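Undergrad: Encoded as structure tokens, here's the structure I'll be asking about.
Every read-out reported here was derived from the displayed coordinates using simple, explicitly stated rules and does not represent laboratory data. Because the structure is predicted, anything quoted here is derived from the model rather than measured. Neighbour counts run over all protein chains shown; Cβ positions are idealised from the backbone, glycine included.
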Amino acid sequence: MNLTEEIKNKIISHSKREYPNECGGIILTSIDEDVTMVNDSLAVIESKNLSSNPQEEFVMAKELINRYHSNIKFIYHSHTKGQKSFSTRDKMVSEKLEVPLVLFDHKNKTFDFYYPNGFIPSLTGRSWEDTNSCNKIGCFSVVSDYYKKILKIEMSDYEKVEIVKNVNLSESDITTMLAGTKSNKRLIEMINAYRENQSFDLYLEQNSFVEVSDLKKHDIIGMKGTDKKFAQKLNIDFSIHFAIYLEGGVILHQPYMRDSRIEKLTNDYRSLIHKIYRHESNL
């Protein structure tokens with residue numbers, strides 16, 4: 001689908017007004033709401049840039065995506081420093097939402113398009129920021145992408161599984177709260193509800209995993225975090241971090257706020273193992 005000159009001019013105008021910050025928004029089909037249409041079939045809705053570093057990136061309000069998702073034809077944003085191509089983060093967002101992207105290069109006055117095509121970023125060296133831009137739990141994103149990329153096994157969308165039924169938490173809250181950046185009362189509520197629901201166990205069971213007692217290549221390791229003192233302090237007795245066992249005593253994982261990596265399964269890490277899960281194809 002090509003953009004009309006009217007739509008392009010709307011994006012260019014938005015970019016000019018927001019420069020030197022990046023801008024963005026959505027292009028959607030006609031809907032039964034009070035939305036001003038650019039032409040007979042398409043509308044442009046501008047979004048605030050919620051990034052703390054708006055000259056370097058664009059972050060859209062999740063509520064806007066959720067509200068109009070079924071009508072979105074494109075998500076657009078600008079680059080202001082001459083970056084003509086889509087970033088890894090851009091592609092991850094497009095793949096996650098299954099929505100094409102439009103990029104306007106403000107400096108060179110050019111447009112580019114990205115369509116979801118099954119792109120999976122590198123399993124190692126993946127930044128925490130890139131992962132969280134997709135509203136995924138960072139560590140589990142690497143696990144599910146490993147299974148898809150290496151074993152051709154695609155898991156269902158974890159974010160559609162309700163982690164905490166009675167506390168109204170989003171998935172991305174979990175690691176943030178466990179890092180101690182939110183109130184202790186809220187953290188205790190989450191831990192108690194999480195214990196009660198055991199949603200990761202249910203999710204993995206639904207995706208043909210069974211609990212085992214030994215380690216084998218490709219197994220998923222459920223860990224009580226990556227910090228032994230922290231887990232003991234909060235009496236965490238369930239899995240909040242996930243890794244892939246690669247055999248030879250090494251794991252692939254993405255620790256909180258760090259890049260994804262392959263490293264040794266140390267004794268400290270072993271002491272934090274809560275459960276080991278194996279796919280039925282690997283039994």
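Undergrad: Report the Cα centroid-to-centroid distance between the stretch 88-103 and the stretch 39-71 in angstrom, as an integer.
TA: The stretch 88-103 and the stretch 39-71 have Cα centres spaced 13 Å from each other.
Undergrad: I need the calculated FRET efficiency for the pair S271 and L202, taking r as the beta carbon distance and R₀ as 22 Å, to the nearest 0.05.
TA: The calculated FRET efficiency here is 0.30.
Undergrad: Here's another thing I want to ask about it. Got a sec to turn the phi values of the stretch 204-221 into Karplus ³J(HN,Hα) couplings, 6.51 cos²θ - 1.76 cosθ + 1.60 with θ = phi - 60°, whole Hz, x for Gly and Pro?
TA: 5, 4, 5, 9, 6, 9, 10, 7, 10, 10, 10, 9, 9, 3, 5, 5, 9, 9
Undergrad: Note down the nm distance, to one decimal, between modelled labels 7 Å out along Cα→Cβ at E280 and at V210.
TA: In this crude label model, E280 to V210 measures out at 0.9 nm.
Undergrad: For the stretch 268-280, take each phi angle, set θ = phi - 60°, evaluate the Karplus expression 6.51 cos²θ - 1.76 cosθ + 1.60, and give the result in whole Hz per residue in order, putting x for glycine and proline.
TA: The phi angles translate into 4, 4, 4, 5, 9, 5, 9, 8, 10, 10, 10, 6, 4 Hz.
Undergrad: While we're here: Expressed in nm to one decimal, what extension gain is obtained for the pair S122 and N235 from 0.36 nm per residue of sequence separation less their Cα-Cα distance?
TA: 37.3 nm
Undergrad: Quick check: residue separation of N9 and N66 times 0.36 nm, minus the Cα distance between them. What number comes out in nm?
TA: Numbers: separation 57, 0.36 × 57 = 20.52 nm, distance 2.56 nm.
Residue separation times 0.36 nm, minus the Cα-Cα distance, leaves 18.0 nm.
Undergrad: Got the relative contact order for the stretch 5-114 handy, in percent, Cα pairs under 8 Å and 6 or more residues apart? Spell out each step's value before the answer.
TA: Numbers: 193 pairs, mean separation 27.8, N = 110.
Worked out over the stretch 5-114, it gives 25 percent.
Undergrad: What distance in nm separates the simple spin-label points at Q55 and I153, each placed 7 Å from Cα in the Cβ direction?
TA: Each label point is offset 7 Å from its Cα along the Cβ direction, giving 4.8 nm.
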